[in-house]
1. Name the residues in segment 1-33 that are touching a Lys or Arg at 6+ places or on another chain (Cβ under 6 Å) and crowded, with 20+ Cβ neighbours inside 10 Å, would you?
2. Can you tell me which of (1) under 26 Å from His106 (Cβ atoms); (2) surrounded by fewer than 21 Cβ atoms within 10 Å (Cβ to Cβ); (3) in contact with a Lys or Arg (Cβ under 9 Å, 6 or more places away or on another chain) is the one Tyr148 doesn't meet?
3. Would you check if Ile199 is more than 22 Å from Ser2 (Cα to Cα), of a type in the set (A, V, I, L, M, F, W, C) and assigned by TED's automatic domain parsing to the domain that holds Ser12?
4. If you check every pair at least six apart or on different chains, which have Cβ atoms under 7 Å apart with a residue in segment 214-234 that is in the same structural domain as Arg22 (by TED's automatic domain parsing) first and a residue that is assigned to a loop (DSSP other than H, G, I, E, B) and of a type in the set (Asp, Glu) second?
5. Just need a number here: residues in segment 59-75 that are surrounded by 15 or more Cβ atoms within 10 Å (Cβ to Cβ) and of a type in the set (Ser, Thr, Tyr).
6. Can you tell me which residue in segment 111-131 is modelled with the highest pLDDT, limited to those that are aliphatic (A, V, I, L, M) and exposed (fewer than 10 other Cβ atoms within 10 Å of the Cβ)?
7. Can you find even one residue in segment 217-233 that is surrounded by 21 or more Cβ atoms within 10 Å (Cβ to Cβ) and assigned to a loop (DSSP other than H, G, I, E, B)?
8. Are any of the residues in segment 49-70 touching a His at 6+ places or on another chain (Cβ under 6 Å) and either on the phi < 0 side of the Ramachandran plot or of a type in the set (Gly, Ala, Ser) (or both)?
Amino acid sequence: MSERLLTIDNLSVTFGGLHALRNLNFHVDRGEIVSVIGPNGAGKTTFFNMISGMVTPTEGDIRFKDQSLIGLDPNQVTARGIARTFQNVRLFANMTILENVMVSQHCRTRQGIFGALFHTRSFKREEEEIRAYGEEVLSFFGSRLVGYRLHQPASVLSYANRRRLEIARAMATRPEVILLDEPVAGMNPKESEELTGLIGKLRDDWGFTIVMIEHDMGVVRDVSDRVVVLDHGETIAQGSYDEVSTNPDVIEAYLGRPAEEAS
């Protein structure tokens, strides 16, 4: 039997009387790749913001391993084991590539202010462990983020490599679930194809459970175990890619007219 990691239970949020999400229900099992799709304004990013502690739901609950996340701040959510990337890349541009990944491990460090001030033996040992794990994570992306690049500032990276670095930072927090917000946005077809393969390896080789927002239906088709479709803040379909892509309600939501007229 699959282990349920994330449960979304009657989740709703209202901004000034406008329902951004209404009565959202679904779950994510350990080892799944679940894509959340829908037209612009469907509530997808708001949904991620609620899971990660940036927005508080008006109603409902979000449970991770059967413990509620409601009321936790983003750092606490990360410490519980959920990391995320953003649609608009958020890196420390003046830090090196390696430093970006090292600092993201802060939620897992054990040494306090005393060790940092006096550079105790334990502090130095933990610092080396953090550095080594950061290099291991970055090597997942091949030669793009390692070697001489380790000590370059993140600001010199291409757009595609910045997106890779942001995923590396999420990986470095040692999460169980990674939320990917449009991971291939702005990439060319070759870059999208490469990252699509890496998303599968995040699950198969590293053991992460993935929840992904993505507009590229080729990526959704190729990596998803299940797809959840939102429209105007509500779930209108969920199932396999083949099931949702032929669903009349989904076709209407994307094309703006009934399915029979779109055929």
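The values are calculated or read from the model by the stated rules, or taken from the named source; none is laboratory data. Quantities reported herein were computed from a predicted structural model and do not represent experimental measurements. When we count neighbours, we look across all protein chains shown, and the Cβ atoms used for this are built from the backbone with ideal geometry, even at glycine.
1. Leu5, Ile33
2. Tyr148 satisfies all of (1) under 26 Å from His106 (Cβ atoms); (2) surrounded by fewer than 21 Cβ atoms within 10 Å (Cβ to Cβ); (3) in contact with a Lys or Arg (Cβ under 9 Å, 6 or more places away or on another chain) except (3).
3. no
4. Glu214/Glu182; His215/Glu182; Val220/Glu214; Asp225/Glu32; Arg226/Glu32
5. Going through segment 59-75 one residue at a time, the tally reaches 0.
6. Ile113
7. Applying the first criterion (surrounded by 21 or more Cβ atoms within 10 Å (Cβ to Cβ)) to segment 217-233 yields 219-220, 223-224, 227-230, 233.
From the residues that got through so far, the ones that are assigned to a loop (DSSP other than H, G, I, E, B) too are 224, 233.
Yes, segment 217-233 contains a residue that is surrounded by 21 or more Cβ atoms within 10 Å (Cβ to Cβ) and assigned to a loop (DSSP other than H, G, I, E, B).
8. no
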